[in-house]
Each structure stands twice: as C-alpha cells, then as structure tokens.
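Enquirer: Attaching a single structure in structure tokens format; questions to follow.
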C-alpha cells in the first residue's frame, strides 16, 4: 500500500511541476504594411524586448540571406552571440507590400512590461532600430501601431 501512495504522490508532484514549466502561449496574426519607399526589399526583424529594454527572443525575420543580418545592427549584436535565429524566417519585403505571419507569444509576457520591436534596414539606406514597437499589453495588442521608417503600420490580432 505504501508503494502505491508514494507512486501517487510522486505522480502528482511531477504533474504539478510539468504544468508550471510549460509556458502557455497564444498566437497572434501579425499584419505588416510597408510604406511606399523606393529601393531594395527591407529586412525586418521582429523581437521580444524585456522590461529592461534588452532583446530576449527573435520572433520573426523577414530576409533569409544571413550576409545582410549585420545591417540590422542592434539585433545583430544579440544574434551574433548565439549564431542562430530562434524564429521563422521569410523573404524580405518591398516598399508598399503587405506581409501576414503568425507570432507565438508567451502569455506571461503580456501586461508584464514587454514589447515587440520591429527593426528594419534597406540596402544603402537608413537603418531604423525601432521602426515600430508594440507594447505587450491588452490595449497595445488591440491597436494599430504606426511605423517610423519603412513600416507604415503593424496590426496584431489574436488567432
């Protein structure tokens, strides 16, 4: 009998520990509308920024040729430490184009001081560290966010 009680207690403890370590995530459809700039396709990096203003995770990269990553200077410092992209990558995006993708965000990051930063660069043109930035708050996720450079606006909606 004691053997079964130990087994049950151990199973409950493992079950509780496992549930706490598995992060709950939600998916958000991300629509990115580019401004009508002239030039090559933009490389855009979508990053999770922690409350201290530091890069925590790369959520998406638009532009799959690694030789151009160094042009996205601030993010590249973060990337260069790991030498791998922990996100999906896709093609760069041209002026006037629209991109749709799905971002997966840890629910614990919402309303906890985090942001999603959209960083952009175009060959032989200006680099924008914070082309657009969305506060990971209930209100921030519901609003359209205007860009400051190559990005016209960003709109997120829960899937």
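Enquirer: Classify segment 24-158: rounded, prolate or oblate, from the alpha-carbon gyration tensor (a ≥ b ≥ c, eigenvalue square roots; a/c under 1.5 rounded; otherwise prolate if a/b is larger than b/c)?
Expert: Because a/c hits 1.5 or more and a/b fails to exceed b/c, segment 24-158 counts as oblate.
Enquirer: Just need the relative contact order of segment 24-158 here, percent rounded to a whole number, with Cα pairs under 8 Å and 6+ apart.
Expert: So the answer I get is 36 percent.
Enquirer: Let me ask another. Roughly how many nanometres apart are two label points built 7 Å out from the Cα toward the Cβ at residue 104 and residue 89?
Expert: Between residue 104 and residue 89, the simple spin-label model gives 1.9 nm.
Enquirer: May I ask you to order 90-96, 131-137 by the average number of other C-beta atoms within 10 Å around their residues, highest value first?
Expert: 131-137, 90-96
Enquirer: Still on this structure, please answer the following. By how many nm would the segment from residue 158 to residue 26 grow when fully extended, if each residue of separation counts as 0.36 nm and the alpha-carbon distance is taken off?
Expert: Working: separation 132, 0.36 × 132 = 47.52 nm, distance 0.74 nm.
Using 0.36 nm per residue and subtracting the Cα-Cα distance, I get 46.8 nm.
Enquirer: Same structure again: Taking a point 7 angstrom from the Cα of residue 111 along the C-beta vector, which residues in segment 34-60 have backbone N less than 20 Å away?
Expert: Taking a point 7 Å out along Cα→Cβ of residue 111, the residues of segment 34-60 whose backbone N falls under 20 Å are 49-52.
Enquirer: Measure out, as a whole number of angstrom, how far apart the alpha-carbon centroids of segment 74-144 and segment 27-62 sit.
Expert: 2 Å
Enquirer: What ranking, highest mean first, results for peptides 43-49, 31-37 when packing means the other Cβ atoms within 10 Å averaged over each residue?
Expert: Highest mean packing first, the order is 43-49, 31-37.
Each value in this text was obtained by applying a stated rule to the coordinates, not by laboratory testing. If you're wondering where the values come from, they're calculated on a predicted model, not measured in any experiment. Quick reminder, even Gly has a Cβ in these numbers, built from the backbone with ideal geometry, and neighbours come from all protein chains shown.
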